[in-house]
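Note sheet for the following structure.
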Amino acid sequence: IAQLNETGETSWLKKSISWFDGGASSVHEHLIRSAEHCLRQCDSGQLVTSGDGVSTEKTGLVALFLKELLPILEHERDHQLVRKYQLAYERMKESVSRRLWDGSYYLAERNGKKVGSRKNPHRKIDLAAQVWPVLAGLSTDFRAQKALNAAWRTLHSHHGLASFSQPFTVWADDEPESQFAP
């Protein structure tokens with residue numbers, strides 16, 4: 001997609017390239033299979049799940065991919081996939097807004113619990129959870145501004161932006177980030 005955006009050259013979409021495990025198909029088909037694989041990783045609300053819960057970061061990444069894929073599919077006149085991926089994107093947008101907004105910024109879920117919430121004693125705000133909904137266009141301008149301001153205010157230091165805050169001070173089996181020194 002980046003190459004297409006940079007060059008404007010659409011003929012390479014028909015170029016055949018090999019699959020890692022054998023066979024070959026067009027770049028266009030590779031993009032479609034990638035999108036389908038990503039959508040299979042989503043829950044019923046179109047939020048991307050990982051082994052331990054919903055990932056705000058991965059949802060934003062997939063949403064951005066779909067958003068950038070739509071003009072390519074429109075150019076190729078693949079109207080059925082345009083409708084399908086536009087609907088998936090809109091459902092992601094609605095679910096992020098409804099399920100992952102904590103009033104001042106975005107959060108994630110892990111093992112069915114909210115992570116990066118003001119209610120958590122540790123990891124009250126997560127940088128990736130703020131950035132990806134904004135990059136993918138999943139947030140309103142108001143929420144984008146609010147989330148990025150909260151990240152800047154909370155995570156900024158003379159060393160740069162922290163990945164999350166508050167740091168863990170004790171090991172927690174269900175929190176892999178607790179292995180890092182405060």
- Message: Among the numbered criteria (1) in contact with a strand residue (DSSP E or B) (Cβ under 8 Å, 6 or more places away or on another chain); (2) closer than 22 Å to Ile32 by Cβ; (3) surrounded by 17 or more Cβ atoms within 10 Å (Cβ to Cβ); (4) modelled with pLDDT under 90, which one does Asp43 miss?
- Response: (3)
- Query: Here is a list of conditions, (1) open to solvent by 40 Å² or more (accessible area, probe 1.4 Å); (2) modelled with pLDDT of 95 or more; (3) assigned to a loop (DSSP other than H, G, I, E, B), and Gly137 meets all of them except one; can you say which number that is?
  - Reply: (1)
- Query: What residue, among those in the stretch 4-33 that are under 21 Å from the mean Cα position of the chain (by Cα) and surrounded by fewer than 14 Cβ atoms within 10 Å (Cβ to Cβ), is modelled with the highest pLDDT?
  - Reply: Arg33
- Residue list for the stretch 66-101, filter: open to solvent by 80 Å² or more (accessible area, probe 1.4 Å) and aliphatic (A, V, I, L, M): Leu87
- Could you tell me whether the stretch 158-174 includes any residue that is open to solvent by less than 80 Å² (accessible area, probe 1.4 Å), more than 18 Å from Gly53 (Cα to Cα) and modelled with pLDDT of 80 or more? yes
- Query: Given the residues Ala128, Ala88, which is the only one that is at pLDDT below 90 and either closer than 19 Å to Trp152 by Cβ or in a helix (DSSP H, G or I) (or both)?
  - Reply: Ala128
- Task: Answer yes if at least one residue in the stretch 102-113 is open to solvent by less than 30 Å² (accessible area, probe 1.4 Å), part of a loop (DSSP other than H, G, I, E, B), in contact with a strand residue (DSSP E or B) (Cβ under 6 Å, 6 or more places away or on another chain) and at pLDDT 90 or above, and no otherwise.
- Result: yes
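The values are calculated or read from the model by the stated rules, or taken from the named source; none is laboratory data. The structure presented is a predicted model; accordingly, all values stated were derived computationally and were not measured. For neighbour counting, all protein chains shown are included, and Cβ atoms are generated from backbone atoms with ideal geometry for every residue, glycine included. Each accessible area value is taken on the protein alone, full model and side chains, heavy atoms only, with ligands, DNA and RNA left out. Shrake-Rupley method; radii C 1.70, N 1.55, O 1.52, S 1.80 Å.
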